[in-house]
Every structure is written in C-alpha cells, then in structure tokens.
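The values are calculated or read from the model by the stated rules, or taken from the named source; none is laboratory data. Owing to the predicted nature of the structure, the values given are computational and were not obtained by experimental measurement. Because the Cβ atoms are built from the backbone with ideal geometry, glycine has one as well, and the counts that use them run over all protein chains shown. Note: areas computed on protein heavy atoms with side chains; ligands, DNA, RNA excluded. Shrake-Rupley method; radii C 1.70, N 1.55, O 1.52, S 1.80 Å.
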Amino acid sequence: NIVAAIRDIPEAGGRPGRAGTVWMALAVAGGPALVALGVRSGVAFFYSLGIMLGVVAVAAVARWAGVPRRAVFSTAGALVLAYWLGSAGANIPWEPELEGGWEMFLLSGLGMIAASTVVLLYNLDLLLAVLAVPGAFVSWLVPPIVTAVAYPGANRFRTGMTIAMIAIVVFSLVVMSTVQSNFNQLFLNDDARGGYDI
C-alpha cells in the first residue's frame, strides 16, 4: 500500500478478498481435476495445464498462509520451468502415456514465458545488482548504469510486461518459422511428389 511504499517497509500479506478466494478455490479444484482428466483421456494438454494450475494453486495457498511473496512466486515459476524443460523431447518417467499435438507447442511456450517472467520479476533487484557491478570498476559507466538499473526496479510491473511482450513476439516468430519449415519438409520430400520429378 501507499504507507508501506513511503516508509519503504514490506507490504503486509493480508487475506485475499472474495474474488481472490473464488479464484484460489477454482485453481485448487481445477488443477487436480485437469490432471485426472488428462490421465483418463490420455490428452497431454489437459494433464500439463493441470500441472501448471496445480502449481499456481499451491502458490496461492502459500501466499494466503503468509509465506513471503518472493519465495512463493520464484519457487512456483522455477517449478513450471523445470517441468517444461524436463519434459522437452521425451516423456517424464513417472508420467502416463499421453498424446499431444501442436497445441502442446503453444502451451509449453506460453507457460515458459509466464514462468520465466515471474521468476525474473520477483528477483529483479538481484539481477540489477549484478548488472551494476561494472560501475564499481569503470567510473564513467556509473551514471548510465545507475539510470538503467533504477528505472526497471522502480517500475516492476511495466518491466515484467515489457519482457513478456518481447518474449511473446520472439515465440510467435519461432512458431511461424517452425511451421513453415515443417510444411516445406512435408511437401518437398519424395513421398509428397508421388514419384514425379517436379
């Protein structure tokens, strides 16, 4: 709140309002339900979405219990990143046999963008402190580094949204180039020509 910002003290955790409690209850119930639906139907999309929603639900309950914000959101983002990076190119050993298509490409990309943005946003002061180290050795770098470090730290939400938007643009370019490359390989191989030299 404003008083905490003026005094430069940590914000009070507080209990979520009615809407926050409803969303938390939906996440707590929806995560395991989607995982069960994914296992029963063999659809990887529902299973993976349930895993991510389950992590969000645990983070929401931890915040409700008063666990510090940085620890909760950094851990939740790291767990989502570990899930997607651990299952890249192969199934996680304890996962059931699941079927997935192009929708998994989108879900994994957007999930990793959101998770990495959250981790970066809640640890921004640590990153900015590392970036400010060269100013201690090169005096003429002090003014630009101090300015560059102060703005992202003062406007965390804006910084996070900027990073997320740039990441989504890069992800969109990767998706389009991958789809185009796959179609080129599909329609230019020998099977697609049907034996004719076209």
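Residues in the stretch 168-198 that are modelled with pLDDT under 75 and open to solvent by less than 100 Å² (accessible area, probe 1.4 Å): ASN189, ALA192, ARG193, GLY194, GLY195. Screening LEU98 on (1) out of contact with any strand residue (DSSP E or B) (no Cβ under 9 Å at 6 or more places or on another chain); (2) closer than 28 Å to ALA82 by Cβ shows it passes everything except condition (1). Restricting the search to helices (runs of 4 or more DSSP H) fully inside the stretch 1-68 and requiring at least 2 residues that are exposed (fewer than 14 other Cβ atoms within 10 Å of the Cβ) and modelled with pLDDT under 85 gives 2-7, 18-41. Screening VAL170 against (1) within 24 Å of ALA76 (Cα to Cα); (2) touching a helix residue (DSSP H, G or I) at 6+ places or on another chain (Cβ under 8 Å) leaves a single unmet condition, (2).
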